[in-house]
Amino acid sequence: MENLRENTGPYKGFLIIKCEKCGEIKGFCTKQETYAFRCEECGHETALEELKPLYVECGCGAHFRYMTNIDMEELKWECLTCHTPLDIHINKRRTAYVTAGAGDRRRR
């Protein structure tokens, strides 16, 4: 029997991917389904597996949902609408990334 893992793709839409070789982080939107990301900096291809949702909620009213392979407690990300830098952190269950403050209230 084939071993199928959950959440292994394909993915499309807003993605924030960290290159597993050089560590470069790239945010982008893809309209076509994809299983991998090729880094523009080093050319390495990172498989898109077991991505977590990342919710951006800005004070300007903009909301965005990304999928990410980032594995860190906190990061900074910029709102696509107003370009305000936002603090993003992993939630208590370690299942998703949320905007500091706003995301905690919405997803309890």
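Quick check on the chain: helices-only [θ] at 222 nm, where DSSP H runs of length 4 and up contribute -39,500 (n - 2.57) each and the sum goes over total residues. Nearest 500, please. Before the final figure, lay out each step's value.
Working: 1 runs with 5 residues, N = 108.
Taken over the chain, the calculation gives -1000 deg cm²/dmol.
Going by Cβ distance under 4.7 Å, what cysteines of the chain have no possible disulfide partner?
Cys29
Taking the full set of protein chains and a 1.4 angstrom probe, give the accessible area of Arg65 in square angstrom, rounded to the nearest 10.
My reading of the accessible area for Arg65 is about 130 Å².
Can you tell me the accessible area per residue over the stretch 4-55, all protein chains present, probe 1.4 angstrom, in square angstrom?
Values: 3370 Å² over 52 residues.
For the stretch 4-55, the solvent-accessible area averages 65 Å² per residue.
What distance in nm separates the two pseudo spin-label positions at Cys42 and Lys12, each 7 Å out from Cα along the beta-carbon direction?
3.0 nm
What is the projected area of the convex hull of the Cα atoms of the chain, averaged over all directions, in nm²? Numbers along the way, then the final one.
On the way: hull surface 32.2 nm².
Quarter of the Cα hull surface area: 8.0 nm².
The values are calculated or read from the model by the stated rules, or taken from the named source; none is laboratory data. What you are looking at is a predicted structure, and each value in this text was computed from that prediction instead of being measured. Quick reminder, even Gly has a Cβ in these numbers, built from the backbone with ideal geometry, and neighbours come from all protein chains shown. SASA here: full protein model, heavy atoms, side chains in, ligands and nucleic acids out. Shrake-Rupley method; radii C 1.70, N 1.55, O 1.52, S 1.80 Å.
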